[in-house]
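If you scroll down you'll find the structure; I have some questions about it.
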Amino acid sequence: MHRLYDLIRRHPTWVDGIGAFVLLFMTFMAIAMSTPNGGYERPEIRSMIAAALLFVVVLLRRRRPEYMLALAIGTGLFQLAADVPPLPSNFAFLVIIFTVASRPPRAPSWVALGTALAGPAAASLRWPNETEGASFGQQAVGVVFLTIAFCLAWVLGDSLRTRRAYWAELEQRAHRLEAERETQARMAVAAERARIARELHDVVAHNVSVMVVQADGAAYVLDTAPEQTRTALQTISGTGRQALTEMRRLLGVLRSEDGEGTGSEYVPQPGVEQLADLVDQVRDAGLPVDFRVEGTPRPLPRGVELTAYRIVQEALTNSRKHGGPRVVATVRLEYGADALTVRAEDDGRGAQRELYEERGADGMGHGLIGMRERVGMVGGVLVAGPRPGGGFRISATLPLTGAE
């Protein structure tokens, strides 16, 4: 059945040709059966001409609906003038009225409606003897019935036109929304990458500044304080390695043209030491937070500190936004041997699935997109999603050893 429907949709003229041929055959059979002695007289020839014209109307109704409507009206006038009574081919009037009404141009549709209203009445006045023996009331009922049938064909066609226009508008709107959503997602990713680039630029600039200061100091005390010079050189070496590591991570994440922009101003960025202030600020905003640090705190790479801070900040923001009323958040900072584990969770209702799936299925979830990029930038692993028992959980493992 599906293949048959596809065949009909690909070859509509063939389908119309078959219908037109059936009407033409039925008309010729009716003419032959009504002709005495098997011969054709002048009235029958006029009927064949009208049937042939209506055959063309049905055959080409989809290709040239306006012209076929004019041809149908002309054929009807020809029947009235040449005294050609109604034929089986006159069913083509219903078909062409439906076709014209289902197309966008409105002027031909109104002409088709006028034809539907006037046609049955004109036929009844022209051939009153076709209903010989019937009363005037019965004739009027017949005219009303035919008029309703023609008007119903027009109403169905107009309804089809309205529905087609409605679906076309929905498709256009869906395409526009999809294009806008993709553009917004690209802009959000580009903005987040630019922000990461600015922050890493600040980190690298800070490290280079430290190296310059230490180098100047080492040069100043090179002859008088060898131990101090050695310490300064070790600081320069470690800071330089850390700066190179940050640059490699930056190039690994920002390989597209979207992330080429960097900030020129130096702005100190927060770290794990500012997490307590962040938690207090969130508590003052009305979100209860249980914050604990496990393990022995120790100095961390600047990129890891900044990533940990941003993860906690985004997680608490999401808890306040999506957790619902009476939500309680928990933040754990665990110092391991070679990694820092940041876990933030809440017992609220959690975010929708499309918000935490990668890249945000509905164009949202930009904070989590940036969070994944931050964690990937330092070579870590991020897991975000609903937690057992309800709520939402974000867990990030950040390695403390720089990649060579």
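The values are calculated or read from the model by the stated rules, or taken from the named source; none is laboratory data. Predicted model, so just to flag it, every value in this text is computed and none were measured. As a convention, Cβ positions derive from the backbone with ideal geometry for all residues, glycine included, and neighbour counts pool all protein chains shown. Just so you know, the surface numbers come from the protein's heavy atoms only, side chains and all, with ligands and any DNA or RNA stripped out. Shrake-Rupley method; radii C 1.70, N 1.55, O 1.52, S 1.80 Å.
According to a simple spin-label model (label point 7 Å from Cα along Cα-to-Cβ), what is the distance in nm between F21 and R164?
In this crude label model, R164 to F21 measures out at 2.5 nm.
May I pose another question? Let me check I've understood the local charge: for V342, count other residues with C-beta under 9 angstrom from its C-beta, Lys and Arg +1, Asp and Glu -1. What total comes out?
Net local charge, V342 excluded: +1.
Related question: What distance in nm separates the two pseudo spin-label positions at Q281 and W14, each 7 Å out from Cα along the beta-carbon direction?
Between Q281 and W14, the simple spin-label model gives 7.1 nm.
Just to make sure I understand: if all protein chains stay in place, what is the order of S159, S109, S237 by accessible area at 1.4 Å, largest first?
Largest to smallest exposure gives the sequence S159, S237, S109.
Let me ask something else about it. Could you sort T296, T229, T330 by accessible area so the largest value comes first, with the probe set to 1.4 Å?
Largest to smallest exposure gives the sequence T296, T330, T229.
Quick one: if the Förster radius is 60 Å, what FRET efficiency do Q138 and Q274 give, using the C-beta to C-beta distance and rounding to 0.05?
Computed FRET efficiency for Q138 and Q274: 0.05.
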